[in-house]
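Here's the structure we're looking at; comments come further down.
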Amino acid sequence: MPKPNPRNPHFPIPAGPELRAKGWRQEGLLRLLENVLSVGEDPDNLVVYAALGKAARNWAAHDAIVRTLKHMDEDQTLVIQSGKPVALLKTHKQAPLVIMANCNIIGQWANAENFYDYQRKGLICWGGLTAGAWQYIGSQGVIQGTYEIFMRIAEKRFGGSLAGRFILTAGLGGMGGAQPLAGRMAGAAILVADIDPERVRKRKEIGFLDEVAASLDEALAIIDQAVADKRAVSVGIVGNAADIYPEIAARGIVPDIVTDQTSAHDLVYGYVPRGLSLEEARSMRESRQAELMAASRASIAIHVQAMLDFQKKGAEVFDNGNLIRTQAFQEGISDAFSIPIFTEAYLRPLFCKAIGPFRWMALSGDEADIARIDDLVMEMFADNAGVTNWIRLARANVPFEGLPARIAWLGHGERTRLAQAVNELVRNGELKGPVAFSRDHLDAGAMAHPNIMTENMKDGSDAIADWPLINAMTLCASMADLVVIHSGGGGYAGYMTSSGVTLVADGTEDADLRLGQAITNDTSLGIIRYADAGYDEAIEAAATHDVGHIAS
Ligand code: NAD
């Protein structure tokens, strides 16, 4: 029986032992599709997050996917093209059950205008990174990534702690909504602006925001006091970041850390330019697109200029993956790229060892299954303080949304061992049901994005998209359950290529084999991608773990 879902009442959370499909692999993928809608920002329109990141092309396509997952056999493969099922093919039992390609547009045609046009004609949809691949688990996924970034900054700049530090950011949407909780978990005083009062209300309601300030004066007073007391607090404020950032700068205040997670990648359906109300911007989206895009770019230029001013005064400023620098650069802010991208600045050494966001979802819908796996992780990785601290913090602070799930930054070998140990728990009946594992697109060798993941690669291979394509083909050859190639990224077209993967641990011996091969080959390729680019940490990891790297 599905569970009621107060957040999106028409989209219940899948749960229980009853199968609607012919096996748990198919049922598991069906539950993941249902799950991304249950935790989505605008599920009535199939939107999961990031303005237009969709779970399926349209409702007819969605219904056809659901029907097919329910009746397909294990030796068939469902083929999905940009959120629309186009074929059910006879393959074999160890082949992927679902393969997808989302939003791939030929290079010369890949721009936002064409994307909007193809989308209007019903030819394409954007899958974000985890929406189209049915991997999104609510805010938790990004909470850990954001927390990880804040802690890396704490180590780099602030003696390992963010107590008494002020973080300024914006955006409380599907992904950005994680920032206040991640900031508070990292011990900081964090102020987050969003133009949409509804988004602010929602984050307060689920406990991610401690306080909502009625004015900037009030917000800054709360932050000041918390900084003085070295007390963690998260404060939300309704307003346009392109007004608020310059206003804070004009008052001579320099936050310790500044970033932004407004939907700056989307100049029409995402970012709201200063000088326009939310309603005004919405009313222009269909009929006055070019005008709105120009207004968004002009506003982003002011927004980024304020970030640069903070940087010059000593703040740690970074781009958190929303293309805000790219848009500002196109608007004439020539030094926009002096702001570093978070991947290069803080996370690349981890990616070199294939340490990245690995997640698991209890398909039973039972929170006790995640609690049991939390215990297992604490036991298996007792000597890895990063992982055990995170699990402790997540247990205490991160509410479950949709299917109970957990994420942890695990590396090569660790992921495979955990997944196979969990499969054993499923087999022994220690868990109420199977568990799905997925790896984010933004991980190891799975993404080429010259303005996010692969900016300033040591060997200059920033824009080489072969790696994620090789990754997806390897995953198909390695028996993963769902394999997807996404393109688009911020700006929707032409910015990135990535691949994603999901596996269902259903307790069978076949699952042991699939989990072993797919996860090990995935992390091996991650290490190889960075070793090939000349990163010492990766070259060392490749030698230590014997990942099959051919150095030539
Ligand atoms: P979303 O569309 O769900 O939310 C964006 C929020 O920004 C909305 O609440 C909107 O009201 C607000 N906003 C828009 N313009 C504003 C302005 N000028 N001032 C204040 N608020 C404004 O998007 P999301 O899922 O939260 O993603 C946000 C961005 O982060 C996207 O560009 C996405 O591509 C990027 N992203 C980065 C990562 C990463 O790994 N770092 C991961 C996921 C998403």
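Computed quantities for the displayed model
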| item | result |
| --- | --- |
| Any hit, the range 168-180, residues being under 30 Å from LEU515 (Cβ atoms) and among the aliphatic types (A, V, I, L, M) | yes |
| Any chance GLU247 is surrounded by fewer than 19 Cβ atoms within 10 Å (Cβ to Cβ), under 27 Å from GLY127 (Cβ atoms) and either more than 10 Å from the ligand (Cβ to nearest atom) or not assigned by TED's automatic domain parsing to the domain that holds GLN144 (or both) | no |
| Number of positions in the range 266-313 that are under 27 Å from the mean Cα position of the chain (by Cα), surrounded by 16 or more Cβ atoms within 10 Å (Cβ to Cβ) and either of a type in the set (Ser, Thr, Tyr) or not in a helix (DSSP H, G or I) (or both) | 11 |
| Test: ALA189 is more than 22 Å from the chain's Cα centre (by Cα), without any contact (Cβ under 8 Å) to a residue 24 or more places away in the chain and either in the same structural domain as GLN311 (by TED's automatic domain parsing) or more than 9 Å from the ligand (Cβ to nearest atom) (or both) | no |
| Criterion: basic (Lys, Arg) and more than 16 Å from the ligand (Cβ to nearest atom) - qualifying residue of ARG20, ARG7 | ARG20 |
| Answer from GLY183, GLY187, GLY239 - the residue that is under 30 Å from ALA493 (Cα atoms) and not polar (S, T, N, Q) | GLY239 |
| Residue among GLY132, GLY127, GLY141 that alone is within 18 Å of LEU172 (Cβ to Cβ), within 14 Å of the chain's Cα centre (by Cα) and either modelled with pLDDT of 95 or more or of a type outside the set (A, V, I, L, M) (or both) | GLY141 |
| MET361 away from the ligand (no atom under 16 Å from the Cβ) and under 17 Å from HIS441 (Cα atoms) | yes |
| Checklist (1) surrounded by fewer than 22 Cβ atoms within 10 Å (Cβ to Cβ); (2) touching a residue at least 40 places away in the same chain (Cβ under 8 Å); (3) assigned to a helix (DSSP H, G or I) applied to ASP73, failing item | (3) |
| Cross-chain or 6+ apart pairs with Cβ under 7 Å, the range 514-527 first and within 8 Å of THR474 (Cβ to Cβ), then basic (Lys, Arg) and not in a helix (DSSP H, G or I) | ASP522/ARG439 |
| Check on SER263, within 21 Å of ASN451 (Cα to Cα), near the ligand (Cβ under 10 Å from one of its atoms) and part of a loop (DSSP other than H, G, I, E, B) | yes |
| Residue list for the range 382-429, filter: within 19 Å of LEU515 (Cα to Cα) and part of a loop (DSSP other than H, G, I, E, B) | GLY411, HIS412, GLY413, ASN428, GLY429 |
| Complete set of residues in the range 200-233 that are farther than 17 Å from ILE248 by Cβ and crowded, with 20+ Cβ neighbours inside 10 Å | VAL200, ARG203, PHE208, LEU209 |
| Pair list, Cβ < 6 Å and 6+ apart or interchain, from the range 194-209 residues that are closer than 12 Å to ALA178 by Cα to residues that are more than 8 Å from the ligand (Cβ to nearest atom) and assigned to a helix (DSSP H, G or I) | PHE208/PRO180; PHE208/LEU181; LEU209/PRO180; LEU209/ARG203 |
| Entirely in the range 434-552, the helices (runs of 4 or more DSSP H) that have 3 or more residues that are among the polar types (S, T, N, Q) | 509-532 |
| Some residue of the range 50-68 being within 30 Å of ALA281 (Cβ to Cβ), in contact with a strand residue (DSSP E or B) (Cβ under 9 Å, 6 or more places away or on another chain) and at pLDDT below 95 | yes |
| All positions within the range 119-157 that are crowded, with 18+ Cβ neighbours inside 10 Å and more than 16 Å from the ligand (Cβ to nearest atom) | ILE124, ALA154 |
| Residue check for GLY332: assigned to a loop (DSSP other than H, G, I, E, B) and within 16 Å of the ligand (Cβ to nearest atom) | no |
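Every residue, every condition in (1) over 15 Å from LEU168 (Cα atoms); (2) away from the ligand (no atom under 13 Å from the Cβ), yes or no:
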site	(1), (2)
VAL212	no, yes
ALA228	yes, yes
ALA241	no, no
PRO255	no, yes
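The values are calculated or read from the model by the stated rules, or taken from the named source; none is laboratory data. This one's a predicted model, so the numbers in the text were calculated from it and none came from an experiment. Cβ coordinates were reconstructed from backbone atoms using ideal geometry, including for glycine residues, and neighbour counts include every protein chain displayed.
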